[in-house]
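Accompanying notes for the structure given below.
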Amino acid sequence: MMKLDPVALRWALGTGLATVLLTVCAVTTPGTAIGILAALGYLCTFALHARAFVSVQFAMAAGALMAVPVLRLTAESNSLKLAVPAVVLITAAAVVIRVRPRMPVGLVSLLVVFLALDAWATALVPDPNEWSFWLLSVAVTFAGLVFASAAAKFDAWSALAAVLILLTSAEAVLAMFEVRFLHEPIWRGGRILSDGSSAWIRNELVASIPRAQGTFGHPLPLAFCLILGAILLVRLRAWNSVLRFLLFLVLAGGVFVSGSRNAIILFLGLSLLAFILPSFLARMNVVGPLVTVGVILAFPFLLDKFDELAGSGSVDHRLGALSAVPNLMSESRSFTSVLIGDGSAASPRLYSQGLLQTDGFAAVDNQYVLTLAQNGFIGLLILIIVLMVAFLRGSATVRLLLIAVAASGMIFDIFAWPAAGFLVWFVVAAAWARVPDHAPASKKQAAALTESSRDQRRVLAQPVR
């Protein structure tokens, strides 16, 4: 008589019972069955080796933030306001538990001070939705640091860059499909009407189509993410040239249908720089940050002539943000507000007090001015220090990404969009953690990384005492 294996018997009984339960759930409550299957699928990711595990978790976090503009959801989609931050925190925490990345101490210290002062300022004056915005900011900052640190530890930069390229390429395809075939925005439109409904933003480059926004809720964060994807595509040489060229055309098309003149110019300039001057960027150690700051400050003025030719008031609006700086530093604000700002989600109140632009737009469209308003002089100083040090420590590719970040800060409020904020902190932390541009140069380095992964698995396999 054949002897039954007790282990095999337990697995067979467990599998059969699970199948029955899932079948019952699928018939009675399909949503529960889908949730259970998703949870089981997620648990299976822990069986992957370290680099693949980090890549999958990163794809889930970045994909969730890009797919759902959390801060622009209507009351009907309130459940997603919790689901998306939950995905971000769960994936980041999973990477911390499984991989144990070493986050840059200096960067973490500065950001802890930045967020602590933000919390202090937020607590001083009540504003609608202020704490939900602050907590979301903490979540995306933490996640960006975790994934960049893990990329540095396991040399997963190329893998995570590939994930971003694919996600942004998908957004670009969706953007082009959107303006051609859809009759309304996917989420809320970038323009909110007086009755509370949303609508497309008029495209002043191609009058026959609206401005694409993809799943971001606005054209500017869409264009920003596509620019980052294009830079990574040009610098990442893991794929054949034909595929890279086609994806570059897709990303260029996505930026174009976003209808942002500023983004188009930035896309063309940085793509050209990525093609012809990567070695120059690698040598920009001391003079580079000063030149970069000068270009950033001059960026809206350089666009002024182009804006006159195009007949748009976008540059005037962004220059108006700079004119608000004296108001934010004046005696009409308390000394505490000047130093640490008015806290998260304070811009509507500051508009009503006449401290920001009064041209009818509800966005500052300048991250540095918005940081001065909400985080004060100390917060702005910390942000500048973080970016400057990141530029000094970053590789050529990361420096290009940082230039895109710094210049985009003059175009729109980056941290007002969680997906964009997540990518900013990911890039900044990648620079501080000194992630390399390419894969290990020798078999010895690759073997060392493999052995490190094995060590991680041995530790995880040990029983908890």
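The values are calculated or read from the model by the stated rules, or taken from the named source; none is laboratory data. Bear in mind that the values here come from a model prediction, so they are computed numbers and not experimental data. Cβ: placed from backbone, ideal geometry, glycine included. Neighbour counts: every protein chain shown.
To keep it simple, each residue is scored yes or no on (1) at pLDDT 95 or above; (2) within 25 Å of SER337 (Cβ to Cβ); (3) not β-branched (Val, Ile, Thr).
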| site | (1), (2), (3) |
| --- | --- |
| SER79 | no, no, yes |
| VAL84 | no, no, no |
| ARG98 | no, no, yes |
| PRO101 | no, no, yes |
| LEU107 | yes, no, yes |
| VAL113 | yes, yes, no |
| TRP120 | yes, yes, yes |
| SER149 | yes, no, yes |
| LYS153 | no, no, yes |
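Kindly indicate whether any position in region 125-142 is touching a residue at least 60 places away in the same chain (Cβ under 8 Å) and over 22 Å from TRP417 (Cα atoms).
Yes.
At negative phi, assigned to a helix (DSSP H, G or I) and polar (S, T, N, Q) - does that describe any residue in region 58-76?
Of region 58-76, the ones at negative phi are 58-76.
Retained after the next criterion (residues that are assigned to a helix (DSSP H, G or I)): 58-67, 70-72, 75-76.
So of that shortlist, the ones also polar (S, T, N, Q) come out as none.
No, region 58-76 contains no residue that is at negative phi, assigned to a helix (DSSP H, G or I) and polar (S, T, N, Q).
Among helices (runs of 4 or more DSSP H) lying entirely in region 342-409, which contain 1 or more residues that are at pLDDT 90 or above and crowded, with 23+ Cβ neighbours inside 10 Å?
367-393, 396-408
Give the residues of region 36-57 that are of a type outside the set (Gly, Ala, Ser), free of Cβ contacts under 8 Å to residues at least 24 places away in the same chain and loosely packed, with under 15 Cβ neighbours inside 10 Å, sorted by residue number.
Scanning region 36-57 gives LEU37, LEU40, LEU43, CYS44, LEU48.
So how many residues does region 101-124 have that are touching a residue at least 12 places away in the same chain (Cβ under 8 Å) and more than 13 Å from ASN375 (Cα to Cα)? Steps first, answer last, please.
Filtering region 101-124 for residues touching a residue at least 12 places away in the same chain (Cβ under 8 Å) gives 101-104, 106-108, 110-111, 113-115, 117-124.
Imposing the further condition that a residue be more than 13 Å from ASN375 (Cα to Cα) reduces the set to 101-104, 106-108, 110.
The total comes to 8.
State whether one or more residues within region 149-163 are touching a residue at least 60 places away in the same chain (Cβ under 8 Å) and closer than 21 Å to ALA83 by Cα.
The answer is no; no qualifying residue exists.
Cβ-Cβ under 8 Å, sequence separation 6+ or interchain: first residue in region 367-384 and touching a residue at least 60 places away in the same chain (Cβ under 8 Å), partner among the acidic types (Asp, Glu) and assigned to a helix (DSSP H, G or I). Which pairs?
Going by the 8 Å Cβ cut-off, the qualifying pairs are GLN374/ASP118; ASN375/ASP118; GLY379/ASP118.
Within the bounds of region 110-121, is there any residue that is closer than 25 Å to SER55 by Cβ and not in a loop (DSSP other than H, G, I, E, B)? Step through it out loud before you land on a result.
From region 110-121, those closer than 25 Å to SER55 by Cβ are 111; that's our starting set.
Retained after the next criterion (residues that are not in a loop (DSSP other than H, G, I, E, B)): 111.
Yes, there is a match, as at least one residue in region 110-121 is closer than 25 Å to SER55 by Cβ and not in a loop (DSSP other than H, G, I, E, B).
Tell me which residues, restricted to region 175-198, are over 22 Å from LEU249 (Cα atoms), out of contact with any Ser or Thr (no Cβ under 6 Å at 6 or more places or on another chain), in contact (Cβ under 8 Å) with a residue 12 or more places away in the chain and not hydroxyl-bearing (Ser, Thr, Tyr). Before the answer, list the steps.
Step one: of region 175-198, the residues over 22 Å from LEU249 (Cα atoms) are 183-198.
Filter once more, so that each one left must be out of contact with any Ser or Thr (no Cβ under 6 Å at 6 or more places or on another chain): 183-185, 187, 190-191, 193-198.
Among the residues that remain, those that are also in contact (Cβ under 8 Å) with a residue 12 or more places away in the chain are: 184-185, 187, 190, 198.
GLU184, PRO185, TRP187, GLY190, listed by residue number.
Looking at ARG434 and the list (1) at pLDDT 50 or above; (2) part of a helix (DSSP H, G or I); (3) within 17 Å of PHE147 (Cβ to Cβ), which single condition is not satisfied?
Condition not satisfied by ARG434: (2).
Which of the helices (runs of 4 or more DSSP H) contained wholly in region 127-237 include at least 1 residues that are under 30 Å from LEU117 (Cα atoms)? Don't jump to the end; show me each part of the working.
Numbers: elements: 130-153, 157-181, 219-235.
Result: 130-153, 219-235.
Name the one entry in ARG211, ARG188 that is buried (at least 19 other Cβ atoms within 10 Å of the Cβ), among the basic types (Lys, Arg) and either touching an Asp or Glu at 6+ places or on another chain (Cβ under 6 Å) or more than 24 Å from MET410 (Cβ to Cβ) (or both). Reasoning before the result, please.
Working: ARG211 fails: either touching an Asp or Glu at 6+ places or on another chain (Cβ under 6 Å) or more than 24 Å from MET410 (Cβ to Cβ) (or both).
Answer to the check: ARG188.
Looking at (1) touching a Ser or Thr at 6+ places or on another chain (Cβ under 9 Å); (2) surrounded by fewer than 16 Cβ atoms within 10 Å (Cβ to Cβ); (3) of a type in the set (D, E, K, R), can you tell me which one ARG202 breaks?
(1)
Go through region 92-109 and give me each residue that's basic (Lys, Arg) and in a helix (DSSP H, G or I).
Residues of region 92-109 basic (Lys, Arg): 98, 100, 102.
Residue satisfying the conditions is ARG98 alone.
Among the residues in region 69-76, are any touching a residue at least 24 places away in the same chain (Cβ under 8 Å) and either of a type in the set (D, E, K, R) or closer than 20 Å to ALA159 by Cβ (or both)? Can you show your working first?
If we filter region 69-76 for residues that are touching a residue at least 24 places away in the same chain (Cβ under 8 Å), which is where we start, we get 69-74.
Those still in the list that are either of a type in the set (D, E, K, R) or closer than 20 Å to ALA159 by Cβ (or both) too: 72.
Within region 69-76, one or more residues are touching a residue at least 24 places away in the same chain (Cβ under 8 Å) and either of a type in the set (D, E, K, R) or closer than 20 Å to ALA159 by Cβ (or both).
Would region 135-144 turn up any residue that is aromatic (Phe, Trp, Tyr) and in contact with a Gly (Cβ under 9 Å, 6 or more places away or on another chain)?
Residues of region 135-144 aromatic (Phe, Trp, Tyr): 142.
Next, from what is left, pick out any that are in contact with a Gly (Cβ under 9 Å, 6 or more places away or on another chain): none.
Checking region 135-144: not a single residue is aromatic (Phe, Trp, Tyr) and in contact with a Gly (Cβ under 9 Å, 6 or more places away or on another chain).
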